[in-house]
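Written out below as structure tokens is the structure these notes cover.
Values quoted throughout were computed directly from the atomic coordinates according to the rules given, and no laboratory measurement underlies them. Computed from a predicted model, the values in this text were never measured in an experiment. Cβ sites come from the backbone with ideal geometry, for glycine too, and all protein chains shown count toward neighbours.
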Amino acid sequence: MDDTLAVELEEVSYTYAGAPAVHGVTLRIKSGDFTAIVGPNGSGKSTLVKVILGLIKPDSGSVRVFGTDIERFRDWHRIGYVPQVSTGIHAMFPITVGEVVAHGRYTGFSPFDFWSRKNGADVDSVLRAVDMMDFKRRRIGELSTGQQQRALIARALIRKPDLLVMDEPIAGVDAQGGEEVYMLLRQLRESGVTILIISHDVGAVMREACTVACINCTLLCHCPPHELTEDDLVRLYGFPVEVLHHGVHHDHHAHGEDAPRHDGFDRLAHR
Ligand code: ADP
Ligand code: MG
């Protein structure tokens, strides 16, 4: 057992009804690292994250989180998860932002997690952290996708997680909001939180992450961003990708169909 590793995947495969989504992925994520998973749409990123979180069971291979096999893992309060909300939460969903965030404390083992008296203060502090305090009493379904994303980030943060897993948390968030999320992630990282983020924002990933895992069903590479070559990205996306390496501009473009309108490159280029 190695608890300096937050996540250890060994030869993990997952198939939906005969169609392999993830195949033979071996990946180690060190505690305290900021790791980005990149890859085209449908390349198995969300599936891989669900396997890591124990939401789905791999067909083969093993998953360990903080040194414990996921099947025996019980410290769910140590993990915050921001799921993908590409289409937004339904407008009729009748609960408020404050209630959604408070629910993040509930880890499925005790209702006291949820009803804890100190929730009030925690809800306010995490809502402030994502600049959503003004929306506390609004119905979540009435908000924009970007605002919903921020509420879900607050919901993940209320656990004070050691591992924060985010599935495209910037999709639907405007440039300013995206920058604020990255600032928040930097602070979390400084306080020792391990961050695993799926993102189409290749420019921001290059700037923020300490390692990048390129996934297209199989793991194509896992390395620090500066070691990622344009060839790696061409192999990943199937066409040239626009990235900045150490301030050098490479003249290409890539957007997933659900890529955010603002990519990291735009923000960097306008600095
Ligand atoms: P990504 O997050 O990289 O866009 P996903 O992990 O969501 O990719 O999906 C990987 C592949 O698995 C895709 O081909 C997708 O259509 C398929 N898939 C995802 N979820 C399901 C599901 N619940 N049932 C069947 N196929 C699915
Ligand atoms: Mg996905």
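Beta carbons within 10 angstrom, averaged per residue: use that to sort the peptides 53-60, 163-170, highest first.
The most tightly packed comes first, giving 163-170, 53-60.
Using the 10 angstrom Cβ neighbour count as an exposure proxy, how do SER62, SER199 rank, fewest first?
SER62, SER199
Hey, could you grab the Kirkwood Rh for region 1-107? Inverse mean 1/r over distinct alpha carbon pairs, Å, one decimal.
It is 15.5 Å.
May I ask you to give the average projected area over all directions of the convex hull of the Cα atoms of region 153-206, in nm² rounded to one decimal?
3.6
Quick one: divide the alpha-carbon radius of gyration of region 6-60 by 2.2 N^0.38 Å and tell me what you get.
Working: Rg = 11.2 Å, N = 55, 2.2 N^0.38 = 10.1 Å.
Ratio of Rg to 2.2 N^0.38 Å for region 6-60: 1.11.
Could you check the spin-label model distance between PHE93 and SER62? Points 7 Å from the Cα along Cα→Cβ, value in nm.
If labels sit at PHE93 and SER62, their model points lie 3.6 nm apart.
Work out from phi, with θ = phi - 60° and the Karplus expression 6.51 cos²θ - 1.76 cosθ + 1.60, the ³J(HN,Hα) of each residue of region 190-205, listed in order in whole Hz, and give x for Gly and Pro.
Along region 190-205, the couplings run 4, 8, x, 6, 7, 10, 10, 10, 9, 8, 8, 7, 4, x, 5, 4 Hz.
Between beta-carbons, use under 14 Å as the cut-off and find the net charge around VAL12, counting Lys and Arg +1, Asp and Glu -1. Spell out each step's value before the answer.
On the way: positive: ARG28, LYS45, LYS50, LYS57, ARG64; negative: GLU8, GLU10, GLU11, ASP59, ASP69, GLU71.
Net charge around VAL12: -1.
So, how do all the Cα-to-Cα distances of region 130-241 break down into 5 Å bins, in percent, from 0 on up?
Distribution as computed: 2, 10, 20, 21, 17, 14, 8, 4, 2, 0 percent.
Sorted by packing (mean other beta-carbon atoms within 10 Å per residue), highest first, where do 129-136, 217-224 land?
129-136, 217-224
Through the Karplus equation 6.51 cos²θ - 1.76 cosθ + 1.60, θ set to phi - 60°, convert the phi angles of region 174-183 into ³J(HN,Hα) values in whole Hz; use x for Gly and Pro.
6, 4, 4, x, x, 4, 5, 5, 5, 4
Order the peptides 173-179, 202-208 from the highest to the lowest mean number of other Cβ atoms within 10 Å of their residues.
Packing order, densest peptide first, comes out as 202-208, 173-179.
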